[in-house]
Amino acid sequence: MSQTIDRSLTPGIERSGGGVETIRPHVGALVVLMLIVVVLTTGWFSADEVVMRQQSDSLLAGTWTAEPNLKASLLDPENLFSLLARSDRIDGDVAPYTKHPIAPVLFAAGEGVAGDRGLYFAGLFSLLGTAILFAHRFRWSPIAFWVPVLATTSLFHLSVVWAHVPALVIATVASLAAFGRDEPISNRRAFLAAVAVVGVSLLRSEGLLLGAALSVGLLATRPHDVGSRIRSALPLAGSVVAYLAEPAVREVWFGASAGPLTAPVASSAAESFVAGRLGVLRVMFIEPSIEAGLGQARFVGLLLLVGGSIALRRGRLRPTSAPVIFGAAAVMYAVGTLGSPIPGLFVAMPIMAAAVPWMSVRSAATRGAATAAVAFAGAVVLTSYDNAGGGDWGARYLFIGVPLLVLLVVPAIERARRVENTTPFIVAALICGLSVQVGILEGILSRGSTVETVDSVRQTIERELSDDPALVVAVSDERLSRFLYDRGLRGPSFHVPTASEGQFDQLIRPERVLWVDLGELAETRAGQIVATAGSVVIRTEVRR
């Protein structure tokens, strides 16, 4: 049976599509869905958004540097403890974000047109472009149109002001150029893939790894002549060129070297490289999905879905058992989505995980895409921070590799649809996929509570400063310091990492400090508690 399915796969996909008019209503539905996400989004998900938003604001004001905080600058002229933590410095001034300068330029363009909501325009057009590109690749198939949206965490990334979705559409161009056709790569396609990889690399640092992975995937298609092998190396060459050229471009663009305001504090934990990489694997692919009761239910539901998919693919699942297994999978996954932590990659993309048993790598193009996907994931794991980005909604460092998975998943879904008795499986996979999107919308709606907490902290700080102008504000948590800056806190306020408190005392020499702590540190800090807001504790300490 499987051989018949594999031989008829491509013609089946072609027949399931049609002309461009086939997806016109789908385009409209996606635009409405994305606009709902944009309208509902308030506040932040990540502290990284703050520097991007602030850089966009600075660009609209005609400069790369933020408006100086005069009271803080008088005490800290070199901005060593800038409240806008982990920003950059240009001639001593604070530049919110210069790592990949193309990104804030994109966001500023949208903000200049439509204000704060315009910050999301770059992502909106990019996600729409990604869906259209895949629909076109599979002869305007509605399935191919929706897979990169509903089978992934794309709507989440749309709601966050960072460059993942703009990088996604360019990564899609690169992936389609490399593996969109089951034939040796031509000069034109190789050049297009290389140029697209340059674009990805200018937006996301993982672009370098994607370029290398695409070249590895192209070599896995076993090119026979020297010319094809050279063309296969072009994506890697493009990413290396971008990596080497971007610092020079920044030097010219800014008129001065941009560098971090403060040196990163080295971790005191002694951990072997292997143990660190295993930890990254765990965080990226599974955790923190299994840390809470509901998250465990969702993980069990995913295991049932994937296990049933494997049994169904091998013809070992009875028709009477399928509704029970897949029904339980859908219920457990859907219930587990409510209130559970941000999931790792496999749990955040259940349709992708369930489609794996139905994937085929018999053609050169699919073999290349699969090899590139594995190579990219491996490269990210080997080079990622030990915290793996906190596992942000399906391992965000892996997000630009989604196009490679879509190339494999769309044929796999078509393969499953053409087998008898797969309806319960397909329905369950859809329920799980839609549950992810509902969880994303729920998370977007809850961001307002974070804004309220930060505003409450800011108001308390400003009240204390007005009562005692000699106070110096020290915020120990990096995320909280950025959030407070974004909500307008200025004056003698600083970000002071715990490991740098001694240096802060020597430089500022404060008599009275208003400490703003979050988490465990808030419970151990000495001094008189002024107020609490959520898990934030505000207290005063007399130093001399």
Charge tally for neighbours of residue 70 with beta carbon under 15 Å away, counting Lys, Arg as +1 and Asp, Glu as -1, is -2
Dividing the helical contributions, -39500 (n - 2.57) per DSSP H run of n ≥ 4, by the residues of the chain yields a 222 nm value, nearest 500 deg cm²/dmol, of -19500 deg cm²/dmol
Per-residue Cβ contact counts at 10 Å, fewest first, order 106, 203 as 106, 203
For residue 188, the net charge from surrounding residues (Cβ-Cβ under 14 Å; K, R +1; D, E -1) works out to +2
Distance in Å, no decimals, from the C-alpha centre of the stretch 305-344 to the one of the stretch 19-72 is 36
Note on the stretch 447-542: the mean projected area of its alpha-carbon convex hull, in nm², is 5.7
Exposure-ranked with fewest Cβ neighbours within 10 Å first, 383, 41 stand as 383, 41
Net charge (Lys, Arg +1; Asp, Glu -1) of residues whose beta-carbon lies under 12 Å from that of residue 239, residue 239 excluded, is -1
Applying the gyration tensor rule to the Cα atoms of the stretch 83-226 (axes a ≥ b ≥ c; rounded if a/c under 1.5, else prolate if a/b exceeds b/c, else oblate), the class is oblate
Check: C-alpha center the stretch 517-544 vs C-alpha center the stretch 437-485, spacing in Å is 14
Going fewest to most other Cβ atoms within 10 Å around each Cβ, 538, 90 line up as 90, 538
Sorted largest first, the Cα spans of the chain on the principal axes come out in Å as 82, 53, 48
Expressed to two decimals, the stretch 371-490 has a Cα Rg over Rh, using the Kirkwood radius, of 1.20
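A short reminder: the numbers here are calculations on the coordinates, not readings from a lab. Please read all numbers here as calculations on a predicted model, not as lab measurements. Here the Cβ is made from the backbone with ideal geometry for all residues, glycine too, and neighbour counts use every protein chain on show.
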